[in-house]
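The values are calculated or read from the model by the stated rules, or taken from the named source; none is laboratory data. As the structure is a prediction and not an experimental result, all values here were calculated from the model. FYI the Cβ positions are ideal-geometry reconstructions off the backbone, even for glycines, and counts take in every protein chain you see. SASA here: full protein model, heavy atoms, side chains in, ligands and nucleic acids out. Shrake-Rupley method; radii C 1.70, N 1.55, O 1.52, S 1.80 Å.
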Amino acid sequence: MEGAAAAQAFLSNAGRLLSKEYQHLRGVGGQVAELRDELDAMNALLVMQSEADDGAVDRFLQVCMKQLREVAYDAEDCIDLYTLRIESRLTDGVRAWLGRLLGTLRSRRRLACEIGALRARAVAISERQARFGINRDALRRFAPLLPAVLVSAASSSNTDDRRRLVGIEDQANALAARLNAPVGEEAAARMAVFSIVGFGGLGKTTLAMEVCRRLEAEFPWQAMVSVSQAFEPSRDLKALLSDLLRQVVKPKTADDRGIKEEAALGAIDGLDDNGLAKRLEEVLTNKRYLIVIDDVWTVRAWEVIESKLLENNKGGRIIVTTRIDTVANACSPDSINSHCKYIHKMEPLKLEDSKKLFVSRVFGSMDVSYPKEFEDVMGDILKKCGGLPLAIVSIASVLVGYKSPGSKDKWDRVCKSLGSQMESHPTLEGMKHIVTVSYNHLPYELKGCMMYFSIFPEDYVIRKDRLLNRWMAEGLVHEKRGLTLWEVAESYLDKLLSKNMIEEAGHLEGLAWKQQTYRMHDMLHEVMVSKSLEANFLSLHGGQHKGMSCGKICRLSIHTDIDGAKRNDVDYGGENDYLDMQHVRSLSMFHLRGQHKLLKNLGSFVLLRVLDLEDCEGVTNKHVRYACNLYLLRFLSLRGTNITKVPWQIENLEQLQTLDLDYTFLTELPETITKLEKLEHIRFSNRDDFWGTMWTIPRGISKMKALRVLRRVTLGNDDSDAAQEVGELEHLQVFVVSLDDRKAIVDEDVLRNLALSLSKMCSLRWLWIGHRRSDDNNSKQKQVLNFLHHLPAPPRLLQTLWITGDVDGLPGWIGSLTHLVTFTILDTTLAGDQLFGILCKLPNLKSMYVTWTHHVRA
């Protein structure tokens, strides 16, 4: 499958190069065309292999497919090296262009030889298949999987609740009653810890979440954090406690206590474990809280976490989920003397409940009638799923597109592929086998997106924009007529969610934004890691993967282990000395505290497209300079690092599509950033001064035509040209801008041009506009935002609008925003019915937030 993606990338690159000066090198243009034809055939074969039924691909054919993948990889590398070393660049003048043309003749000839050799390899593979009598009908034995008729994500909440709770509703009622009941005197002297223990895939996390939902009124302060098998206190405890704090300051109630609590929380990024534990105690003392510690694997991990949790005599509760009985007993020792009062053992679903869950997932409702021809095979499938909800849902997702009469043959084939490991009792290998069957039946374009989750650590929570932008940068998202690549990527994500291959992990929330996050079930994650390593989709190093050998590395993911976390220079004892970095296209590092050896050698990653160093504390300004020489880079994340400056050489990254600089120590960006004409997504914020520090929109921003997201920028007195140019960003969907008069009065030309620009933004969906006032009381500057009344036309497609600062009444055009869903206004003065008189005209408005208002006159 991954080879299919590589072949597809080569095809698009080859087509691009054939139309440029590359074809002027005699003989090479024709060879590129021939190799493109060979890769086109390879791509078709690799797709057929991906969609073939289990058993249709024998061992020899697998070897041939692996060889085809290697040719596709090498062909893509060949084209990228041309782009890097030979192709003219936008910054080249005429003299530079001639110098490059003459100076690269030898490289061009070498490239011609390499392309010829690649084509010869492709032809040899085809001849070898023919010589050994490979039957391509094996790949066509069964029709490829048709697009499934998926259960809509917009189904009614009642239906979703019934599906989720099949077989565990009684357990949820019983456990909720236990948690809400008073504890005995012995247990009152310590935390009341309730453990949910059971096999992977039984629904422990689902049960814990449902109990929390039912007890929102009784326990307003709630939080849920995941521990995972790879939990290491010295590395992960601080993040876990920070996550707990950010969740519990927002009680599950309708009043404004959460806002006040969050404001009182203050900066916590600089606190150590003990400081975070103390702050947690301050927030939760004498409050009724309910905290879920999910997926605890060792007694040691629990003991470390427990030592940081407060004792509470007001009825606080902890729920721990685990697969291991000894861990459950350590978490809830009171249960030993009280007949397991605080330990809930999960059991597999009964056959009747298994059937309800399966039918609801396949046919949309557990009460629906279905063809009787499915009855017997359904029973066989459910026996092989062993009562595990994850297994049932996984297989149901495969069959959801085959529920009409006459589809029984497909059900029979899926049933046969399940094996018999789960019939007598659940086993780890049996569960993995069933999950693998579900993966095997995905459309080929989704398989690469699924394997991509193996790059991240187990139980890692991934933001939507980070995931989708990485998919696009890696070439895993294919163009579709009438849709942007982002929209196609969103459709992939929706399909994986509908097929229950990934799950929503909640929203990351701030005062002005909310972003969905996702994670993968740990069982699925184990399978994806295995698949990725087998297909050479990924190379993992560090932690439990330390010392693993690998071949040619295409994607490299570094997971810091405990030894590395304690050293200043993390080199894994020289493990990386033998790694071949020449072919690496993606480099990701997680939990990095010190200086990793690879950071000092970023220059060796000549073909790198994705560099993700989010939250790596060891990244310095020097490393940013190294990264600015990676000309093929498409995705660069330095989010959460300690960098203080971006050099002017950022202009070298002509292919860059995503630049994430959130939560750094940056205060400004160089004007050369306007040279990045392919940049679509830029995020910027200062960790110490989130609301106060923004970067000034530079002149020349109109050249950045691809921009979709432009956050935390400012316009001041001398920025009239920039205010005008921003209106030429026709694809801009998210715009966060502040008018700054702290140095001088904001010029009227700036306001006039910004009004014109806003009226031109036909694609704008999200607008945050604010005013940062000077310290004096200059009346002329008091209501800078009054320019909003003079927009020639409003951005009609706005869905979210934030206004922060004083304005003389709401602009009337807000009432015409028929797509507006969320409206917020802060720090302003309104009179009479200026607020509701306009907002009542909005047919789709769902949420409104008004606060810090100076005065509302009657």
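Just checking, how many residues over the stretch 209-221 are closer than 16 Å to I196 by Cβ and either under 24 Å from the mean Cα position of the chain (by Cα) or not in a helix (DSSP H, G or I) (or both)?
Of the residues in the stretch 209-221, 2 are closer than 16 Å to I196 by Cβ and either under 24 Å from the mean Cα position of the chain (by Cα) or not in a helix (DSSP H, G or I) (or both).
Can you tell me which residue within the stretch 629-658, out of those that are surrounded by fewer than 22 Cβ atoms within 10 Å (Cβ to Cβ) and in contact with a Gly (Cβ under 9 Å, 6 or more places away or on another chain), is nearest to N601 (Cα to Cα)?
Among residues in the stretch 629-658 that are surrounded by fewer than 22 Cβ atoms within 10 Å (Cβ to Cβ) and in contact with a Gly (Cβ under 9 Å, 6 or more places away or on another chain), the one nearest to N601 (Cα to Cα) is N629.
Filter the stretch 297-321 down to the residues that are at pLDDT 90 or above and under 14 Å from D522 (Cβ atoms) and list them by number.
Matches in the stretch 297-321: T321 only.
Hey, among the residues in the stretch 659-672 that are over 25 Å from the mean Cα position of the chain (by Cα) and not hydroxyl-bearing (S, T, Y), which one's most open to solvent (accessible area, probe 1.4 Å)?
E671
From the list S397, S354, pick out the single residue that is out of contact with any Leu (no Cβ under 8 Å at 6 or more places or on another chain) and in contact (Cβ under 8 Å) with a residue 12 or more places away in the chain.
After ruling out the rest, the residue left standing is S397.
Mind listing just one residue for me: the one in the stretch 193-206 that is touching a strand residue (DSSP E or B) at 6+ places or on another chain (Cβ under 6 Å) and open to solvent by less than 10 Å² (accessible area, probe 1.4 Å) and, of those, nearest to N286 (Cα to Cα)?
Ranking the qualifying residues of the stretch 193-206, first place goes to V193.
If I ask for residues that are closer than 21 Å to L493 by Cβ and either in contact with a Cys (Cβ under 6 Å, 6 or more places away or on another chain) or hydrophobic (A, V, I, L, M, F, W, C) (or both), which ones from the stretch 430-451 would you list?
V435, L442, L446, C449, M450, M451
Considering only residues that are modelled with pLDDT of 80 or more, in contact with a strand residue (DSSP E or B) (Cβ under 7 Å, 6 or more places away or on another chain) and hydroxyl-bearing (S, T, Y), which ones fall in the stretch 520-575?
Result: S539, S557.
Would you check which residues across the stretch 278-311 are within 24 Å of L207 (Cα to Cα) and either in contact with a Lys or Arg (Cβ under 8 Å, 6 or more places away or on another chain) or acidic (D, E) (or both) and list them?
Of everything in the stretch 278-311, those that are within 24 Å of L207 (Cα to Cα) and either in contact with a Lys or Arg (Cβ under 8 Å, 6 or more places away or on another chain) or acidic (D, E) (or both) turn out to be K287, R288, Y289, L290, I291, D294, D295, W297, E303, E306.
The conditions are (1) open to solvent by less than 60 Å² (accessible area, probe 1.4 Å); (2) out of contact with any strand residue (DSSP E or B) (no Cβ under 6 Å at 6 or more places or on another chain); (3) at pLDDT below 95, and R625 fails exactly one of them. Which is it?
(1)
If you check V726, V736, V784, V709, which single one turns out to be at pLDDT below 85, under 25 Å from L817 (Cβ atoms) and not charged (D, E, K, R)?
The conditions single out V784.
Name every residue in the stretch 830-846 that is part of a helix (DSSP H, G or I) and surrounded by fewer than 16 Cβ atoms within 10 Å (Cβ to Cβ), in order of residue number.
Selection gives F836, G837.
Working only within the stretch 460-502, note down all residues that are closer than 23 Å to E534 by Cα, assigned to a loop (DSSP other than H, G, I, E, B) and not β-branched (V, I, T).
Within the stretch 460-502, Y460, E474, G475, L476, M501 qualify.
Where in the stretch 345-459 are the helices (runs of 4 or more DSSP H), entirely inside, with at least 2 residues that are open to solvent by 30 Å² or more (accessible area, probe 1.4 Å)?
351-363, 375-385, 408-417, 428-440, 444-451
Based on what the data block shows, is R300 farther than 18 Å from Q229 by Cβ and in a helix (DSSP H, G or I)?
no
I'm checking my understanding of the structure. Among residues of the stretch 210-219 that are out of contact with any helix residue (DSSP H, G or I) (no Cβ under 7 Å at 6 or more places or on another chain) and buried (at least 20 other Cβ atoms within 10 Å of the Cβ), which one is farthest from D295 (Cα to Cα)?
Checking each candidate, the answer is F219.
Does T714 meet the test of being hydroxyl-bearing (S, T, Y), touching a residue at least 24 places away in the same chain (Cβ under 8 Å), surrounded by fewer than 20 Cβ atoms within 10 Å (Cβ to Cβ) and in a strand (DSSP E or B)?
yes
Filter the stretch 805-829 down to residues that are farther than 20 Å from W766 by Cβ and either of a type in the set (F, W, Y) or open to solvent by 10 Å² or more (accessible area, probe 1.4 Å) (or both), then give me how many there are.
3
Provide a single number: the residues in the stretch 165-192 that are part of a helix (DSSP H, G or I), within 21 Å of L310 (Cα to Cα), open to solvent by less than 30 Å² (accessible area, probe 1.4 Å) and at pLDDT 75 or above.
The qualifying residues number 1.
In the stretch 595-622, how many residues are of a type outside the set (S, T, N, Q), touching a strand residue (DSSP E or B) at 6+ places or on another chain (Cβ under 6 Å) and open to solvent by 10 Å² or more (accessible area, probe 1.4 Å)?
Total meeting the criteria: 1.
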